[in-house]
Amino acid sequence: MTQLDTWEWFGNRTFHYSQFEPLAKLRSARERTGTTISVCLPARNEAATIGPIVRVLRRALLERSRLVDEIVVMDGGSDDDTVAIATAEGAIVYREQDVLPELGPVSGKGEGLWKSLYVCGGDLMCWIDADIRNIHPRFVYGLLGPLLTDPGVVYVKAFYERPLQERRTLRATGGGRVTELVARPLVNLFWPELAGFVQPLSGEYAGRREVLEQIPMISGYGVELGMLIDIARYSGANAMAQVDLERRVHRNQDVQALSRMSFGVLQAALSRLVDEGKVAPDSWSTTLLQFANRLREYNMEPRELAITQRPPMATLDSYRQRRSAPAAGSSA
């Protein structure tokens, strides 16, 4: 794509969540097509925020507007009250370790996303992070809007203003540091057709199962970038869209955590460059050395951060059998 094409894409495929209000319009579109919708929250130790998120979404989208069919929490090994709170608020909760255990354990957000495709039933999948502090139903219906109103759209990402918490002060801007310092330069260098995405690493997105089940998923921090590249490769950038959700407040990470996140994003990019024949396989280190300054003494802390990639869900026999089995109560 040329620069002009990117501008055209941005104009044609960028929306504001308010364009999909009132919700009755979206519900009519969903009922007309018989589309089922799953909302999934990958979570690990999110007891502080999971309750309000599930409650708000359940009341607004499951009970009042009847826009979605299920709200699922995919727990990645919480040792706090995340599971109990989510269950009490009405979510369907799965533990990652209990889903496809025969494939062995893999850690990371991408594992929860991948396994949620197995357990969720919706034709459309909507994922949102479980640490949002200013939760509002727009985080879901904004993403579903383009998918329900335009059959040519297969995947939608969120973007928003991201305040930065500094002690007790919330600065209006400053979040999304890994996006600006790592992901955006990478995308512009190697995948300029995706440069129009305001936040390529945003944790809120929705897509059509028929596409999502055809792509592999990286287990760790690079899952969002990997999905973006793979879906563009599979369906084309013109089948992708983005929605302005205005503002997202969440827990900000410290610099060392952001370094680990950046390391994972870089590995995801390198793995996709391997697929494209631009980088030799296994040509990079998987160990990140970090330094902790304790009492004016620097201690070196090596961390092994190798990524794991799960295959397209559609390649699993058990998944195909699960999807082809008649639903409970069916006369088939």
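A few notes on this one:
- Of all residues in segment 81-115 being surrounded by fewer than 24 Cβ atoms within 10 Å (Cβ to Cβ) and hydroxyl-bearing (Ser, Thr, Tyr), the one that is nearest to Glu304 (Cα to Cα): Ser107
- Residue count, segment 117-134 (criterion: within 18 Å of Ile53 (Cα to Cα) and either assigned to a strand (DSSP E or B) or of a type outside the set (Lys, Arg) (or both)): 9
- None of Leu147, Leu186 is crowded, with 22+ Cβ neighbours inside 10 Å, modelled with pLDDT of 95 or more, part of a helix (DSSP H, G or I) and of a type outside the set (Lys, Arg) except Leu147.
- Residue among Val93, Val68 that is among the β-branched types (Val, Ile, Thr), within 19 Å of the chain's Cα centre (by Cα) and outside any loop (DSSP other than H, G, I, E, B): Val93
- Residues that are among the polar types (S, T, N, Q) and under 26 Å from Val211 (Cβ atoms) number at least 1 in the following strands (runs of 3 or more DSSP E) confined to segment 230-325: 240-247.
- Selected residue (criterion: farthest from the chain's Cα centre (by Cα)) from residues of segment 116-144 that are hydroxyl-bearing (Ser, Thr, Tyr) and surrounded by 23 or more Cβ atoms within 10 Å (Cβ to Cβ): Tyr141
- Scanning segment 277-292 for residues that are among the charged types (D, E, K, R) and in contact with a helix residue (DSSP H, G or I) (Cβ under 8 Å, 6 or more places away or on another chain) returns a single hit, Lys278.
- The set of residues in segment 1-55 that are over 30 Å from Ala84 (Cα atoms), of a type in the set (D, E, K, R) and either surrounded by fewer than 17 Cβ atoms within 10 Å (Cβ to Cβ) or over 19 Å from the mean Cα position of the chain (by Cα) (or both) comprises Asp5, Glu8, Glu21, Lys25, Arg27, Arg30, Glu31, Arg32.
- Scope segment 200-218; condition under 12 Å from the mean Cα position of the chain (by Cα) and either outside any strand (DSSP E or B) or among the acidic types (Asp, Glu) (or both); matching residues: Pro200, Leu201, Ser202, Gly203, Glu204, Leu212
- Beta carbons closer than 9 Å, at least 6 apart along the sequence or on distinct chains, pair a first residue in segment 284-307 that is more than 20 Å from Val223 (Cβ to Cβ) with a second that is among the basic types (Lys, Arg) and surrounded by 10 or more Cβ atoms within 10 Å (Cβ to Cβ) for Thr287/Arg303; Leu289/Arg303; Gln290/Arg260; Gln290/Arg303.
- All of Pro163, Pro200 fail the test of being modelled with pLDDT of 95 or more and of a type outside the set (Phe, Trp, Tyr), apart from Pro200.
- Filtering segment 290-301 for residues that are touching a Ser or Thr at 6+ places or on another chain (Cβ under 7 Å) and of a type outside the set (A, V, I, L, M) leaves a non-empty set.
- Scope segment 292-320; condition surrounded by 10 or more Cβ atoms within 10 Å (Cβ to Cβ) and within 21 Å of Val182 (Cβ to Cβ); matching residues: Glu301, Arg303, Leu305, Ala306, Ile307, Thr308, Gln309
- Residues that are at pLDDT 95 or above and of a type in the set (Phe, Trp, Tyr) were ranked within segment 203-254; the one that is surrounded by the most Cβ atoms within 10 Å (Cβ to Cβ) is Tyr205.
- Some residue of segment 47-63 being in contact with a helix residue (DSSP H, G or I) (Cβ under 7 Å, 6 or more places away or on another chain), modelled with pLDDT of 95 or more and part of a strand (DSSP E or B): no
- Positions within segment 174-192 being closer than 29 Å to Val39 by Cβ and touching a residue at least 12 places away in the same chain (Cβ under 8 Å), in sequence order: Gly174, Gly175, Gly176, Arg177, Val178, Thr179, Val182, Ala183, Arg184, Val187, Trp191
- For segment 1-46, a tally of residues being among the small types (Gly, Ala, Ser) and either under 25 Å from Gly196 (Cα atoms) or assigned to a loop (DSSP other than H, G, I, E, B) (or both) returns 3.
The values are calculated or read from the model by the stated rules, or taken from the named source; none is laboratory data. Keep in mind that this is a model prediction, so the values were computed, not measured. All Cβ positions, glycine included, derive from the backbone under ideal geometry; neighbour counts span all protein chains shown.
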